[in-house]
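I have placed the structure first, in the form of structure tokens, so that the comments after it can refer back to it.
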Amino acid sequence: HLNRISEVDGAVHAFLHVDTEGALDAARAVDAELAAGKQPRSALAGVPLALKDVFTTNGVPTTCGSRILDGWIPPYDATVTRKLREAGVVILGKANMDEFAMGSSTENSAFGPTRNPWDHDRIPGGSGGGSAASLAAFEAPLAVGTDTGGSIRQPAAVTGTVGVKPTYGGVSRYGLVAFSSSLDQGGPCARTVLDAALLHEVIGGHDPLDSTSIDAAVPPVVAAARQGADGDLRGVRVGVVTEFAGEGYQPGVLSSFHAAVETLRGLGAEVVEVSCPNFEHALPAYYLINPSEASSNLARFDAMRYGLRVGENGASAEEVMSATREAGFGAEVKRRIMLGTFALSSGYYDAYYGQAQKVRTLVSRDFAAAFERVDVLVSPTTPTTAFPIGERVDDPMAMYRADLCTVPVNLAGNAAISVPSGLSDEDGLPVGLQVMAPAMADERMYRVGAAFE
Ligand code: GLN
């Protein structure tokens, strides 16, 4: 895999940092244990992985795709990082991402975009484009991403890979640089549903260091993926979300989605239409709640604690802070800080942030009502296939629309997977099928995803 990275990553740019020595040491340690006759540490011992550069790695640079963290070397491992190491997973390096995970195309990385391995002139999705591209380019068989509004599922869809947003609280956020804390969720990326499930069981589980971590066992996702592989979905009720179609959806995405629904029916699933009327308000609500939380979380980058520091000798602390944030943050980060600060300001709080929180409750109620009738919900993962690099950089609203189908799950805190649904008959690019499950019932979507794949 290191050789493959040297061959193709100049063109793909999935990695911000390749940790050749660390990876070889970890692989040799696993080899030595096996040679000594020890039991493998886990099913994934010795398997290489690309880690999104939003997780801290002790002694290895962590930038979050931002200049403001350039040169920062964390003194500790995120819980996800620690669990990977303990399982003997070989961390190849840190995967490229939109700055602080803000974006849908990986064009907001301060270190240059990642390219879609299917077509180097197109985006690999975002914000975890590096993680997904590393899989599609066969640089790594596994990756870990984070999904605040779709950043695992959307890149999976447009690169023809598998991406999972676990139930909120299912994977620890300790050592995950905070973007929007009530939405952020780490999760597995892989080329098959079973691989994703194996990784999910390695990184998931309760963590006393994360106050929102769920104190319960990881749902039995590996067993569910194995069960699904028999291709029998008799007795499973699948709801098709009626709101996720129509204007803004490419015909090639919709025809792939309709074919996917017929496949599920052919595997024995009972398919019904389900209306979730508040989902159409999820995107505007998300783009108020997310910047509000981000503006607060990013206050810690004050030029004193981490990385970059810009300022003349003799400048005041405030001048240094201001000059550092001006130089260190990109345009999208500044946009979110301004939007969030505005939405939270006195006089506007009720009209924007408060209103968005009410919509969030309504979205959760739509899910609750739907899951009384069906076991899982399905939709396209994204309204379009991978768009050309540059097409939406000057149009934030168009960029935000890439998250249309993914944000309701983050607002409600339940789980979803994106699985490859073949190629669009319009442009020959990958399309993703999204399968959504209730909170703490992640195994359902693994079963359906594995049966479908
Ligand atoms: N595209 C969304 C955003 O920019 C989602 C990001 C994410 O999931 N990290 O907020």
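The values are calculated or read from the model by the stated rules, or taken from the named source; none is laboratory data. Keep in mind the model is a prediction, meaning the values are calculated, not measured. Using ideal geometry, Cβ is built from the backbone for each residue, glycine included, and neighbour counts are taken over all protein chains shown.
Below are the figures for this structure:
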quantity	calculated
Residue list for the range 208-238, filter: of a type in the set (Asp, Glu) and in contact with a His (Cβ under 7 Å, 6 or more places away or on another chain)	Asp215
Residue satisfying condition, being under 17 Å from Ser418 (Cβ atoms) and modelled with pLDDT of 95 or more, within set Leu254, Leu233	Leu254
So Pro166, is it free of Cβ contacts under 8 Å to residues at least 60 places away in the same chain and either in contact with a helix residue (DSSP H, G or I) (Cβ under 6 Å, 6 or more places away or on another chain) or not hydroxyl-bearing (Ser, Thr, Tyr) (or both)	no
Test: residue in the range 427-443 that is away from the ligand (no atom under 16 Å from the Cβ) and assigned to a helix (DSSP H, G or I)	yes
Of residues in the range 117-143 being over 14 Å from Asp9 (Cβ atoms) and more than 13 Å from the ligand (Cβ to nearest atom), the one surrounded by the fewest Cβ atoms within 10 Å (Cβ to Cβ)	Asp121
Failed item, numbered, when Gly112 is tested on (1) part of a loop (DSSP other than H, G, I, E, B); (2) among the small types (Gly, Ala, Ser); (3) closer than 25 Å to Tyr306 by Cβ; (4) within 16 Å of the ligand (Cβ to nearest atom)	(4)
Among residues of the range 175-189, those that are near the ligand (Cβ under 9 Å from one of its atoms) and either among the β-branched types (Val, Ile, Thr) or closer than 17 Å to Leu51 by Cβ (or both), counted	3
Pairs with Cβ under 8 Å, 6+ apart, first in the range 274-290 and surrounded by 23 or more Cβ atoms within 10 Å (Cβ to Cβ), second of a type in the set (Lys, Arg)	Ala285/Arg360; Ile289/Arg360; Asn290/Arg336
Answer from Ser109, Ser66 - the residue that is within 20 Å of Val393 (Cα to Cα) and within 17 Å of the chain's Cα centre (by Cα)	Ser109
In the range 388-426, residue farthest from Leu264 (Cα to Cα) [restricted to those that are away from the ligand (no atom under 13 Å from the Cβ) and either in a helix (DSSP H, G or I) or among the polar types (S, T, N, Q) (or both)]	Ala412
The listed residue being closer than 22 Å to Asp98 by Cβ and either touching a strand residue (DSSP E or B) at 6+ places or on another chain (Cβ under 7 Å) or modelled with pLDDT of 95 or more (or both), out of Leu209, Leu176, Leu198	Leu176
Single residue of the range 261-287 satisfying the filter (of a type in the set (Asp, Glu) and in a helix (DSSP H, G or I)) that is nearest to the chain's Cα centre (by Cα)	Glu280
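Residues are listed down the side, and each one gets a yes or a no for (1) of a type in the set (Asp, Glu); (2) assigned to a loop (DSSP other than H, G, I, E, B); (3) in contact with a Lys or Arg (Cβ under 7 Å, 6 or more places away or on another chain); (4) on the phi < 0 side of the Ramachandran plot:
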| residue | (1), (2), (3), (4) |
| --- | --- |
| Gly145 | no, no, yes, yes |
| Gly150 | no, yes, no, no |
| Pro155 | no, no, no, yes |
| Tyr168 | no, yes, no, yes |
| Ala178 | no, yes, no, yes |
